[in-house]
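Visitor: So that we are looking at the same thing, I have put the structure below in structure tokens.
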Amino acid sequence: MDIATIIGMLVCAGLVLFGIVNGDNGIDFSALKNFGDLPSVFITIGGTLSCMFMSCNIKEYVNNLKSYTLVFKVPKLNTQEMIAKIIDLSNVARKEGLLSLEEAAGDLDDQFLKKGILLIVDGTDPELVRGIMETELSSIEGRHGKVISFWEQMASMGPAWGMIGTLVGLVNMLYNMQDSSKIGPAMAVALLTTMYGSLLANWVCLPATFKMKKNNAAETMVKEIMIEVLLSIQAGENPRVIEEKLKSFLSPADRAATGSGEGGAEE
Amino acid sequence: MDIATIIGMLVCAGLVLFGIVNGDNGIDFSALKNFGDLPSVFITIGGTLSCMFMSCNIKEYVNNLKSYTLVFKVPKLNTQEMIAKIIDLSNVARKEGLLSLEEAAGDLDDQFLKKGILLIVDGTDPELVRGIMETELSSIEGRHGKVISFWEQMASMGPAWGMIGTLVGLVNMLYNMQDSSKIGPAMAVALLTTMYGSLLANWVCLPATFKMKKNNAAETMVKEIMIEVLLSIQAGENPRVIEEKLKSFLSPADRAATGSGEGGAEE
Amino acid sequence: MDIATIIGMLVCAGLVLFGIVNGDNGIDFSALKNFGDLPSVFITIGGTLSCMFMSCNIKEYVNNLKSYTLVFKVPKLNTQEMIAKIIDLSNVARKEGLLSLEEAAGDLDDQFLKKGILLIVDGTDPELVRGIMETELSSIEGRHGKVISFWEQMASMGPAWGMIGTLVGLVNMLYNMQDSSKIGPAMAVALLTTMYGSLLANWVCLPATFKMKKNNAAETMVKEIMIEVLLSIQAGENPRVIEEKLKSFLSPADRAATGSGEGGAEE
Amino acid sequence: MDIATIIGMLVCAGLVLFGIVNGDNGIDFSALKNFGDLPSVFITIGGTLSCMFMSCNIKEYVNNLKSYTLVFKVPKLNTQEMIAKIIDLSNVARKEGLLSLEEAAGDLDDQFLKKGILLIVDGTDPELVRGIMETELSSIEGRHGKVISFWEQMASMGPAWGMIGTLVGLVNMLYNMQDSSKIGPAMAVALLTTMYGSLLANWVCLPATFKMKKNNAAETMVKEIMIEVLLSIQAGENPRVIEEKLKSFLSPADRAATGSGEGGAEE
Amino acid sequence: MDIATIIGMLVCAGLVLFGIVNGDNGIDFSALKNFGDLPSVFITIGGTLSCMFMSCNIKEYVNNLKSYTLVFKVPKLNTQEMIAKIIDLSNVARKEGLLSLEEAAGDLDDQFLKKGILLIVDGTDPELVRGIMETELSSIEGRHGKVISFWEQMASMGPAWGMIGTLVGLVNMLYNMQDSSKIGPAMAVALLTTMYGSLLANWVCLPATFKMKKNNAAETMVKEIMIEVLLSIQAGENPRVIEEKLKSFLSPADRAATGSGEGGAEE
């Protein structure tokens, strides 16, 4: 569980609720009831969800909605740890030969790295290894991109359906202005849909896409490193050169933390 | 028929209608008549359609409008099924020679794959096969892109003509404010065009473009696989390597489902 | 004359006029006078045109404005006809030699194709033919792109100057609110500039850019075909292969219509 | 001096002024005083300029602001004249050898072309000539791009600070609504900042960026021609081929005007 | 400390404050209290910050916020000085051999340049040097890009949460319109969140992203020069050619200032 994301989401909700209940006469929880309106929820959230449903088949739709849970997970990737593991693998390959990698790959969590190593152990042609791994990477990126654009499209649909709801409410209100004391509340209800749409976009969808994009970029970078280094291992390059290559991907701060005491270009 | 799209479209319409008829005194269907205004339809939908007409010749215009029906069709592509078929073809080619593919290609639905196989059977030069197939693919993408941008342009035209209609209504209203009881309804009518424009964009056009883009990306991916694999078959590559290549395009979940029991890199 | 564009433009104008004159008491042409205001035209259309003038020299400005007439012309390109002609040329070259193309090129309308053929007849080096033709194509695209961005910039300037005009009108109105009966009409006049700006963008400029972009893409595709095929002809490739290449550019529907009865990959 | 730009700028200002002073009772210059408000200028123009200042160091800031004068200059580039000059140079090189170019380059205005010729005269390796010239070109484009994005950023800052100013004005107004006769003028003043911001963007900044972009594209095209042709001259290519290459960059209309009577591909 | 940025930020704040306190009756500091509202700060700034928190883990979040201090620092890069240093290094390498660079690199501040030199001294393969250095550069750009997009995302979140806050305030106001004297101030408070959001975006975030982007582009250019020149030094190219290459990156004005009196292509 990524506790930061949950805290951020709850704090944000709390701030909005505080803004609602806070009034001239201090906290007034009765204001909350003015901000809940079921038909407004139907037209904004329902309109958005049903339009997104139009653009998918059912299976994709369910998967895309489910993918939201990813936002609450800490990505398994740990660049430094992964780099340390690859350096180990390159040392194993150097000392005991490529075939010894099969055993070392047995306990790898990362399916991508594992697949690459098994291809090497199989004696696959280097060009083919690169081809298969790059196809797999671009296919992974394609799947991630589909999920990200689902949530981005929803983030653009939310405010649009909020505005449609507000227009519906305004037109209804404009036809019923006989009782002037009801104009205010009617207008308030009309504005609620715009608020719901904005919250859907800016509270639910956009922070999720920001996070997904960031994680996707990090995962792509790590997988690109893996491809480069797997090919270096296959080519029998010096583990020190491989380590140097790997470190190019790290920030100076992270570099120190990988802590292979003897390494470094100064030797 | 893609039932999801139709359901999504109808549910969305239902939610808007519910938002319209739902009032303080429960459901009131008489509100519906306030939301229908023929001149507003003329200026918003008519303005949008006639401006899109300006940008096409008649034949293209009709084709582009007709292309909307694609949104309600389930795309014929089934990546897994297609991959299984190509693996069959590669086995046929390996065992019985390239010429035997001609017969096997006879019952293929996919014209693109069929054309590629016939080029191979003809003994066309590999570079030329790639050239012709890639030209065909980019030409298909070009045609799809034209349809998608037609609906995207319409999605941007809708709200613009809605606003023009609202301005026309507002100016007329502002010149006729003697009878204050009519200001509300006049303003309501003026706002209807904005609502129509938003519905045109967010209910009709945008979900369609989302779906078309998604289907186009999937079709392009499958056709790219086809090109790669056709060339592998022509080069006489090992069916197991071809299978490995094909699987790189699949998600881990789909991979299991292709179910070639014996396959896998672990052998 | 592209009759569709003119019809689209007139129908659109008609719909706006209908929206203006249509009122509660049926058609009322006196409303039209409320929608014409010369100072509003000056500030919106004049502001837009003079700012576009700032960004060009006089000759370019006149040429860019003139280029609008292209929108009313049917583009001379006919992909199918052109492809038929190139197949003829490839047959001529095959049977009678490259030099015989000079005569055949005499009656070509298309200057681009003609230039390419004359370069081949001259015995120019293939790489140089490609270089010159691609430079020419990218130079044509550059010129088209300049015109398209002129109209796109005007489409963004229109609403901006419309808003400036509305702000001018509103400020004037807000200083003169003593006579409350004049507030409505003053506000109406202020809104006219926004309407003029929107019409300039969405009725005049944007449909034109949609059309120009589409025609430009089609022309580029045809010219790219020409380059590929000219080089195939120069290389003495088989006319049947050339035909196959050409057909990759066509949609399945158009392919049938090119009607070279005997052709096709099945042979 | 590019008289067109100055005329465009003045005409535009005149149209806005006319829109301001033109009223129901004819021209009324007293309205002008309602449109000048120093604190509004401070918050809109000052806010924009100080935020742009935040994003630069002082030297860059002054240079970027100074670069606005470029908009009023006719660019020195004359594609046709330049092409004629290069054809001369290629003839000189052909007849008298590459070393003779040094003298011919003495009276060139264009530092870029001059540098290239001197590199050739020096006997620099062709790949190195291309490398140095392309680095120089991309470095020139980088500098131009920095100036263009400065003005584009200012064009986006202007309306934003205009809106902030309007919000400040509105909040102040809403706290002082006792004297209802002052509400109108207070609101008018609040709107002025939005107007100033729009004028800053659409009158000052955007037409300038349109022009800068256009000139930059033209300069880049000419410099790309120069690089190509310099390498052709160095390679000792036929001046007629060089001329053909050069003409590919010109529009058909300009091509006739270069007027090298004997040239042409038909020979 | 980059004094310009601090001055710009303070001047901008001063102008907004002046706009607030400046009224019809001269300066009136009591207006300031109308512009401070803690719940509005909570919903706008708090909503934005907590949503940005959702999209990061805690460590990244703190680092991204800290990175704002970079805006107040003068970037260490001095292109001219750096170029002079590289020319020195190339002379050292030419005269005393590549190994002598190790000592010369000892006192370099720039870790990137230092790493490159040490790779050369180590006798690393040129292709590998390029590979490692380009990976490091793209990794640096990736890290910068992450920070820049954090502030760009915050710049888009600010106005969105400002609008949500305004909607909350409006709905509350519309339910409490009995006391008409309170409508004005309630509306004023509702607008404050929009103002806070705009200030967050246009005063805090956007100028920072403008500066970060500019500095990042400059740093990337310098590092690209370094890579090119390191490879030239390793290849033993003539220092004069290296100088020529380096100067291609400079503007004509800066070129004079590098002041290597004897250099220049005219020799």
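Visitor: With the requirement that a residue be over 26 Å from residue B:159 (Cα atoms) and either modelled with pLDDT of 90 or more or not charged (D, E, K, R) (or both), what does the range B:47-84 give you?
Guide: At the first step, the residues of the range B:47-84 found to be over 26 Å from residue B:159 (Cα atoms) are B:73-84.
Result: B:74, B:75, B:77, B:78, B:79, B:80, B:82, B:83, B:84.
Visitor: Same structure, new question: Restricting attention to the range E:228-255, and to residues there that are open to solvent by 10 Å² or more (accessible area, probe 1.4 Å) and in contact with a Lys or Arg (Cβ under 7 Å, 6 or more places away or on another chain), which single residue is modelled with the highest pLDDT?
Guide: As a first pass, look at the range E:228-255 and keep what is open to solvent by 10 Å² or more (accessible area, probe 1.4 Å): E:228, E:231, E:233-241, E:243-245, E:247, E:249, E:251-255.
Those still in the list that are in contact with a Lys or Arg (Cβ under 7 Å, 6 or more places away or on another chain) too: E:228, E:231, E:239, E:247, E:251, E:255.
Working: E:228: 87, E:231: 90, E:239: 82, E:247: 81, E:251: 77, E:255: 72.
My answer is E:231.
Visitor: Here is a list of conditions, (1) farther than 30 Å from residue C:187 by Cβ; (2) in a helix (DSSP H, G or I), and residue B:160 meets all of them except one; can you say which number that is?
Guide: In the conditions (1) farther than 30 Å from residue C:187 by Cβ; (2) in a helix (DSSP H, G or I), residue B:160 misses (1) alone.
Visitor: So, in the range A:207-222, how many residues would count as being touching an Asp or Glu at 6+ places or on another chain (Cβ under 9 Å) and either among the β-branched types (Val, Ile, Thr) or open to solvent by less than 10 Å² (accessible area, probe 1.4 Å) (or both)?
Guide: 4
Visitor: Could you check how many residues of the range E:167-181 are more than 7 Å from every other protein chain (Cβ to nearest Cβ) and touching a residue at least 24 places away in the same chain (Cβ under 8 Å)? First the steps, then the outcome.
Guide: Of the residues in the range E:167-181, the ones more than 7 Å from every other protein chain (Cβ to nearest Cβ) are E:169, E:173, E:176, E:178-181.
Still in the list and also touching a residue at least 24 places away in the same chain (Cβ under 8 Å): E:169.
Within the range E:167-181, residues that are more than 7 Å from every other protein chain (Cβ to nearest Cβ) and touching a residue at least 24 places away in the same chain (Cβ under 8 Å) number 1.
Visitor: What are the residues in the range A:1-15 that are assigned to a helix (DSSP H, G or I) and facing another protein chain (nearest Cβ under 8 Å), if any? I'd like the intermediate steps shown before the answer.
Guide: So in the range A:1-15, the residues assigned to a helix (DSSP H, G or I) come out as A:3-15.
Across the range A:1-15, the qualifying residues are A:4, A:5, A:7, A:8, A:9, A:11, A:12, A:15.
Visitor: Considering only residues that are more than 7 Å from every other protein chain (Cβ to nearest Cβ) and closer than 18 Å to residue C:162 by Cβ, which ones fall in the range C:16-37?
Guide: Answer for the range C:16-37, where residues must be more than 7 Å from every other protein chain (Cβ to nearest Cβ) and closer than 18 Å to residue C:162 by Cβ: C:36, C:37.
Visitor: If you scan the range D:38-74, which residues turn out to be loosely packed, with under 15 Cβ neighbours inside 10 Å, at the interface with another protein chain (Cβ under 9 Å from one of its Cβ atoms) and not in a helix (DSSP H, G or I)?
Guide: Of everything in the range D:38-74, just one residue is loosely packed, with under 15 Cβ neighbours inside 10 Å, at the interface with another protein chain (Cβ under 9 Å from one of its Cβ atoms) and not in a helix (DSSP H, G or I), namely D:74.
Visitor: Say we look at the range E:75-103 and pick out the residues that are free of Cβ contacts under 8 Å to residues at least 12 places away in the same chain and open to solvent by less than 50 Å² (accessible area, probe 1.4 Å); which of these is nearest to the chain's Cα centre (by Cα)? Give the steps one after another, and end with the answer.
Guide: Our first condition is that a residue be free of Cβ contacts under 8 Å to residues at least 12 places away in the same chain; within the range E:75-103, this holds for E:78, E:81, E:95-97, E:100, E:103.
Adding the requirement that they be open to solvent by less than 50 Å² (accessible area, probe 1.4 Å) leaves E:97, E:100.
Numbers: E:97: 38, E:100: 36 Å.
Checked the range E:75-103; the qualifying residue nearest to the chain's Cα centre (by Cα) is E:100.
Visitor: Also, I was wondering about something else. Given the condition under 24 Å from residue D:212 (Cα atoms), of a type in the set (A, V, I, L, M, F, W, C) and either in contact with a Pro (Cβ under 8 Å, 6 or more places away or on another chain) or free of Cβ contacts under 8 Å to residues at least 12 places away in the same chain (or both), answer yes or no: does some residue in the range D:21-29 qualify?
Guide: Looking through the range D:21-29, none of the residues is under 24 Å from residue D:212 (Cα atoms), of a type in the set (A, V, I, L, M, F, W, C) and either in contact with a Pro (Cβ under 8 Å, 6 or more places away or on another chain) or free of Cβ contacts under 8 Å to residues at least 12 places away in the same chain (or both).
Visitor: Going by what's in this entry, would residue C:72 be described as farther than 30 Å from residue D:202 by Cα and among the aromatic types (Phe, Trp, Tyr)?
Guide: On the way: farther than 30 Å from residue D:202 by Cα: no; among the aromatic types (Phe, Trp, Tyr): yes.
No.
Visitor: So residue D:30 fits all but one of (1) under 27 Å from residue C:41 (Cα atoms); (2) among the hydroxyl-bearing types (Ser, Thr, Tyr); (3) modelled with pLDDT of 90 or more; what number is the exception?
Guide: (3)
Visitor: Would you mention how many residues in the range B:148-162 are open to solvent by less than 30 Å² (accessible area, probe 1.4 Å) and more than 7 Å from every other protein chain (Cβ to nearest Cβ)? Walk me through how you get there before you give the answer.
Guide: From the range B:148-162, those open to solvent by less than 30 Å² (accessible area, probe 1.4 Å) are B:148, B:150-151, B:154-155, B:157-158, B:160-162; that's our starting set.
Now restrict to residues that are more than 7 Å from every other protein chain (Cβ to nearest Cβ): B:148, B:150-151, B:154-155, B:158, B:162.
Number satisfying all stated conditions: 7.
Visitor: Mind listing just one residue for me: the one in the range A:104-127 that is open to solvent by 90 Å² or more (accessible area, probe 1.4 Å) and assigned to a helix (DSSP H, G or I) and, of those, modelled with the highest pLDDT?
Guide: Among those that are open to solvent by 90 Å² or more (accessible area, probe 1.4 Å) and assigned to a helix (DSSP H, G or I), it is A:127.
Visitor: What number goes with the only condition from (1) within 12 Å of chain C (Cβ to nearest Cβ); (2) touching a helix residue (DSSP H, G or I) at 6+ places or on another chain (Cβ under 8 Å) that residue D:236 does not pass?
Guide: Checking residue D:236 against (1) within 12 Å of chain C (Cβ to nearest Cβ); (2) touching a helix residue (DSSP H, G or I) at 6+ places or on another chain (Cβ under 8 Å), the one that fails is (1).
Visitor: Identify all residues within the range E:138-147 that are buried (at least 18 other Cβ atoms within 10 Å of the Cβ) and under 22 Å from residue E:82 (Cβ atoms); write none if there are none.
Guide: E:140, E:144
Visitor: From the list D:194, D:209, exactly one residue is of a type in the set (S, T, N, Q), modelled with pLDDT of 90 or more and within 30 Å of residue E:183 (Cβ to Cβ). Which is it? First the steps, then the outcome.
Guide: Working: D:209 fails: within 30 Å of residue E:183 (Cβ to Cβ).
Of the residues listed, the single one that is of a type in the set (S, T, N, Q), modelled with pLDDT of 90 or more and within 30 Å of residue E:183 (Cβ to Cβ) is D:194.
Visitor: Considering every residue within the range C:128-137, establish whether at least one is under 30 Å from residue C:162 (Cα atoms), within 12 Å of another protein chain (Cβ to nearest Cβ) and surrounded by 21 or more Cβ atoms within 10 Å (Cβ to Cβ). Even if it seems obvious, please write down each step before you answer.
Guide: Taking the range C:128-137 and keeping what is under 30 Å from residue C:162 (Cα atoms), we get none.
Within the range C:128-137, none of the residues are under 30 Å from residue C:162 (Cα atoms), within 12 Å of another protein chain (Cβ to nearest Cβ) and surrounded by 21 or more Cβ atoms within 10 Å (Cβ to Cβ).
Visitor: Separate question: Being β-branched (Val, Ile, Thr), within 34 Å of the chain's Cα centre (by Cα) and open to solvent by 10 Å² or more (accessible area, probe 1.4 Å) is the filter here; which residues of the range B:163-206 pass it? I'd like the intermediate steps shown before the answer.
Guide: The first filter runs over the range B:163-206 and keeps only residues β-branched (Val, Ile, Thr), leaving B:164, B:166, B:168, B:171, B:183, B:189, B:193-194, B:204.
Retained after the next criterion (residues that are within 34 Å of the chain's Cα centre (by Cα)): B:164, B:166, B:189, B:193-194, B:204.
The answer is B:166, B:189, B:194, B:204.
Visitor: Here's another thing I want to ask about it. Failed condition for residue E:10, given (1) more than 22 Å from the chain's Cα centre (by Cα); (2) more than 30 Å from residue A:1 (Cβ to Cβ), with all others met?
Guide: Result: residue E:10 fails condition (1) only.
Visitor: Can you tell me which residues in the range A:115-127 are free of Cβ contacts under 8 Å to residues at least 40 places away in the same chain and more than 7 Å from every other protein chain (Cβ to nearest Cβ)?
Guide: A:121, A:123, A:124, A:125, A:127
The values are calculated or read from the model by the stated rules, or taken from the named source; none is laboratory data. These numbers come from a predicted model, not from an experiment. Reconstructed Cβ throughout: ideal geometry from the backbone, glycine too, with neighbour counts over all protein chains shown. With ligands, DNA and RNA removed, areas are computed over all heavy atoms of the protein, side chains included. Shrake-Rupley method; radii C 1.70, N 1.55, O 1.52, S 1.80 Å.
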